[in-house]
1. Is there any pair linking a residue in segment B:34-51 that is in contact (Cβ under 8 Å) with a residue 24 or more places away in the chain to one that is part of a strand (DSSP E or B) and surrounded by fewer than 24 Cβ atoms within 10 Å (Cβ to Cβ), with Cβ under 6 Å and at least six apart or on different chains, and which?
2. Which of the residues spanning segment A:270-293 are facing another protein chain (nearest Cβ under 8 Å) and in a strand (DSSP E or B)?
3. Can you name the residue in segment A:25-42 that is in a helix (DSSP H, G or I) and away from chain B (no Cβ under 12 Å) and is also farthest from residue A:266 (Cα to Cα) among such residues?
4. Of the residues in segment B:415-427, how many are in contact with a helix residue (DSSP H, G or I) (Cβ under 8 Å, 6 or more places away or on another chain), at pLDDT 90 or above and surrounded by fewer than 24 Cβ atoms within 10 Å (Cβ to Cβ)?
5. Determine whether residue A:229 is surrounded by fewer than 18 Cβ atoms within 10 Å (Cβ to Cβ), within 16 Å of the chain's Cα centre (by Cα) and without any contact (Cβ under 8 Å) to a residue 60 or more places away in the chain.
6. Across segment B:439-459, what is the total count of residues that are farther than 23 Å from residue B:315 by Cα and within 17 Å of the chain's Cα centre (by Cα)?
7. Which numbered condition trips up residue B:317, out of (1) farther than 27 Å from residue B:559 by Cα; (2) assigned to a loop (DSSP other than H, G, I, E, B)?
């Protein structure tokens with residue numbers, strides 16, 4: 001149960017996507033006061049992967065040993081560490097890596113709590129409001145091309161950073177999702193994907209959507225095609241946003257049970273649960289917005 | 001003309017000023033609205049309000065007489081429950097525009113979102129552009145004009161009213177049909193469109209209810225009189241209840257409908273007892289003076305609390321299931337004992353309001369009888385999510401009870417088998433719910449407690465949501481709760497019994513450290529003060545009685561509440577039957593029963609060694625059965641029941 005937001009600026013320069021998403025999420029924080037998260041995309045650096053991990057904030061000794069273990073495991077798997085930093089409760093590392101990203105992802109999942117892996121994606125998420133998370137992780141300083149955001153009211157799972165959104169498509173670099181709703185054929189869909197040896201790190205239905213879409217993309221489908229089949233394959237109520245390193249898209253269930261509203265102009269496309277979030281980008285201006293119809297999807301690409 | 005700038009004022013401040021300006025008859029302009037929610041909510045004065053920009057959810061919601069213009073878009077639920085007045089929206093409207101309106105005129109110049117006019121009762125909703133999925137869903141009356149295309153499943157499960165479509169009728173909903181349009185109707189539409197300066201299209205299609213689902217094919221036949229002991233199905237294998245069940249189904253060919261409580265034996269409060277020997281409890285004459293019982297409910301977030309003379313209130317029961325006289329008698333009886341009454345579904349009557357000392361006004365998915373004026377004269381507001389006897393299902397009121405008078409107060413067609421919606425139009429998740437709660441608070445100036453009625457189902461999750469969404473208290477209802485009419489299969493087989501329900505609820509609140517953020521009122525088959533004290537020991541802040549109050553007031557427990565011909569005049573709308581009910585006499589009976597509850601609570605609390613009901617604790621209890629020990633985690637200490645309050649001890 002939540003509020004979602006997404007923004008993509010046209011062109012290839014870097015914009016204040018962090019600040020834009022903070023404002024949009026602050027506008028719909030009432031939909032989810034428990035935790036807030038951001039999926040932020042910056043132009044990629046070839047051959048480099050950005051990884052973020054949760055580290056236990058309570059225990060400094062454990063913290064150091066946890067980071068040491070992550071480092072060792074990365075080196076074991078053939079990644080060359082180029083840059084590293086601690087931010088809030090995260091350990092962030094940039095590596096040079098030429099191997100199989102899915103294999104690296106699963107191995108790292110087994111060794112630590114991965115938040116995101118991507119050439120351009122970084123996910124920041126924690127308990128508290130958009131401003132709380134910004135205070136801890138300085139999201140407002142983030143400049144990039146596009147991003148997603150999410151505020152969460154935990155209903156069926158715990159209020160923990162790792163249960164927060166956005167969800168990274170475990171195993172697939174650069175695919176992230178924010179979702180409002182409930183997938184009712186979750187276990188059926190998950191079993192199907194697990195039979196094909198995909199791994200899940202939570203019982204959250206949003207992670208399923210991310211993996212489902214990333215799998216379709218990996219099979220050579222376009223994001224449009226993947227979203228089209230998702231509306232047939234996923235059962236329940238949902239409005240979700242997905243992003244890859246070049247694209248952003250939405251899908252909405254046929255029952256129209258979860259809100260979504262979008263605004264588009266020459267500079268950007270912005271989508272959110274409520275218009276009040278869109279208006280945070282344009283204070284004092286009445287916007288010509290559009291509500292996507294039930295059972296529809298659309299995508300935008302950075303090159304437009 | 002006064003301007004209120006939302007770049008400077010919060011919506012709450014602006015709405016407070018708006019109400020004052022309304023009293024002064026001053027028109028208002030709202031600047032920089034930026035799609036904020038709840039603009040204009042609760043305004044009941046005939047002023048003009050112009051919103052310069054876009055408004056968010058529930059713009060002009062719960063209003064009467066005011067005229068709103070929004071220059072751009074609106075979010076979900078524009079004009080929610082509006083009585084009279086108008087809203088003109090220059091741009092698009094989100095989902096459920098005109099939800100539950102009772103007479104207003106709402107005009108959307110652009111397109112409108114899904115489920116437009118859901119459960120509307122009267123008035124006109126007009127959309128110049130296209131409608132979306134399920135326009136007119138479950139509407140009871142009034143008219144919807146769609147000048148563009150209808151969207152999918154137009155008129156889904158509408159039971160009254162008309163939908164006129166100028167564009168393409170894409171797809172008809174369940175139990176909707178096309179019909180001929182009369183020339184007076186066209187004239188009336190033209191007059192309406194002229195008034196709002198909208199060009200009239202050449203022709204319209206008209207969609208109405210097809211009448212295939214308004215009544216059950218065969219009425220539920222009265223059952224033979226079976227004593228409750230046999231009815232509980234314990235007496236033998238092919239017992240009279242099973243035989244009756246088969247006989248009734250052999251005629252109707254569907255699930256059975258009946259009233260009253262669950263008959264199946266389930267783990268209950270009678271399976272736990274008191275640790276101490278209470279056989280001497282109540283020996284002292286003045287225990288009622290000695291024990292502090294006065295309890296405030298609903299004030300923990302700053303609202304004006306209900307002030308109960310003891311931790312007891314009346315469970316929500318509807319005018320509809322029960323006769324007007326019965327609701328009146330309960331209101332009188334509850335006031336005599338200084339506790340709160342609850343309207344249940346189906347609205348508030350003047351007599352009930354005047355008789356009740358404190359009255360909780362309940363809001364259900366059909367919004368039957370729900371309105372701003374009665375909200376204002378209530379002492380607390382309650383959002384019904386579900387009911388212990390039939391969690392997840394809406395109420396049933398068979399045609400016999402849907403009299404013209406009752407239909408009028410609910411705003412529905414008379415003589416239908418009313419199956420109330422099981423969901424709220426505007427609460428499809430915890431995220432929508434928080435906006436709904438805020439709307440109620442705005443409409444009543446943040447003065448009234450807002451509670452949620454939860455039938456025990458997914459309690460662990462639901463109670464956490466209730467606390468996060470800022471409710472002041474929750475009325476938690478277990479499976480032993482009764483109903484005026486429900487599927488017999490559901491009553492006996494679906495739900496979570498009251499005892500595990502409260503245990504789960506308290507554990508869940510402890511898990512998130514929120515026990516002090518919400519108060520808990522337990523109900524669901526509580527029979528007397530002994531049950532009440534056990535519930536308080538387990539951790540409830542108060543309890544509510546439904547069936548026992550009805551029984552105190554003359555019910556003979558024949559389990560035929562659904563039929564509508566109640567011989568005692570309680571569960572009926574037939575004046576001939578209702579005549580037999582003597583409200584003043586029954587009010588005294590109810591009062592005396594409630595006083596016996598008071599005495600029991602005092603005597604047991606005193607017997608346990610306390611001078612205040614708030615000192616009762618889990619440590620005062622033991623489990624009398626292994627099952628109850630497993631459910632509650634209390635020590636299993638079977639003992640002489642008679643001395644420990646299971647059946648005989650401490651009953652006055």
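1. B:49/B:28
2. Passing the criteria: only A:290.
3. A:26
4. Number satisfying all stated conditions: 2.
5. So residue A:229 does not fit the description; no.
6. Selection size over segment B:439-459: 1.
7. (1)
One line per residue, one yes/no per condition, for (1) outside any strand (DSSP E or B); (2) away from chain B (no Cβ under 14 Å); (3) under 30 Å from residue B:468 (Cβ atoms):
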| site | (1), (2), (3) |
| --- | --- |
| A:50 | no, yes, no |
| A:58 | yes, yes, yes |
| A:68 | yes, yes, no |
| A:71 | yes, yes, no |
| A:74 | yes, yes, no |
| A:85 | no, yes, no |
| A:95 | no, yes, no |
| A:104 | yes, yes, no |
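The values are calculated or read from the model by the stated rules, or taken from the named source; none is laboratory data. This structure is a prediction, so every number in the text was calculated from the model and none was measured. Please note: Cβ atoms are built from the backbone with ideal geometry, for glycine as well, and neighbour counts cover all protein chains shown.
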